[in-house]
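Before any comments, here is the structure.
The values are calculated or read from the model by the stated rules, or taken from the named source; none is laboratory data. Being a predicted model, the structure only gives us computed values, none of them experimental. Cβ atoms come from the backbone with ideal geometry, glycine included; neighbour counts cover every protein chain shown.
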Amino acid sequence: MKYVSKQELTTDGATGEGGIAGLSLTWLQGPHTNDELDVGIANVQPGASTPAHVHHKGQVIVTVEGRGYVLTGSGERIETSAGDVVICPAGETHTHGSVGDERWAHLTITTGTHGVGE
């Protein structure tokens, strides 16, 4: 078991994750490229978003602060705020980012591999 207190969950800063400006990711568990659980806090600055990508075994996104969106490859867009949960099925191409001038922090939970531009 691993315990992470609320005080340990940093929701500020944006240093760039994988070369994406305005996105920082603090891994609480992982990242792995196998069937182990990956858990992280993503911080997305105003106007920033991920490129289109896919999680081969799915992704759960839990908004912890601010407002964000998830946009599927088919054009479905869901806006989220603190406490909302989005479940992206395995293999679904999607992107996500902040809404308006707010910073968006979310918990990301995945397992397996992912690919950009798929």
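Some points to look at:
- Region 81-118, residues that are assigned to a loop (DSSP other than H, G, I, E, B), without any contact (Cβ under 8 Å) to a residue 60 or more places away in the chain and at negative phi: Ala82, Asp84, Pro89, Ala90, Glu92, Thr93, Val99, Asp101, Glu102
- Selection status of Gly73, surrounded by fewer than 18 Cβ atoms within 10 Å (Cβ to Cβ), at positive phi and not hydroxyl-bearing (Ser, Thr, Tyr): no
- Residue list for region 52-75, filter: touching a residue at least 24 places away in the same chain (Cβ under 8 Å), outside any strand (DSSP E or B) and not basic (Lys, Arg): Ala52, His56, Gly58, Gly66
- Selection within region 23-42 - in a loop (DSSP other than H, G, I, E, B) and either within 19 Å of Ser5 (Cα to Cα) or in contact with a Pro (Cβ under 6 Å, 6 or more places away or on another chain) (or both): Gly30
- For region 34-51, the set of residues classified as under 21 Å from Ala90 (Cβ atoms), out of contact with any Asp or Glu (no Cβ under 8 Å at 6 or more places or on another chain) and either free of Cβ contacts under 8 Å to residues at least 60 places away in the same chain or surrounded by 15 or more Cβ atoms within 10 Å (Cβ to Cβ) (or both) consists of Asp38, Val39, Gly40, Thr50, listed by residue number.
- Any chance Val60 is within 12 Å of the chain's Cα centre (by Cα) and modelled with pLDDT of 95 or more: yes
- Test for Ile78: is it part of a strand (DSSP E or B) and buried (at least 17 other Cβ atoms within 10 Å of the Cβ): no
- Within region 1-22, considering residues that are outside any loop (DSSP other than H, G, I, E, B) and acidic (Asp, Glu), the one modelled with the lowest pLDDT: Glu17
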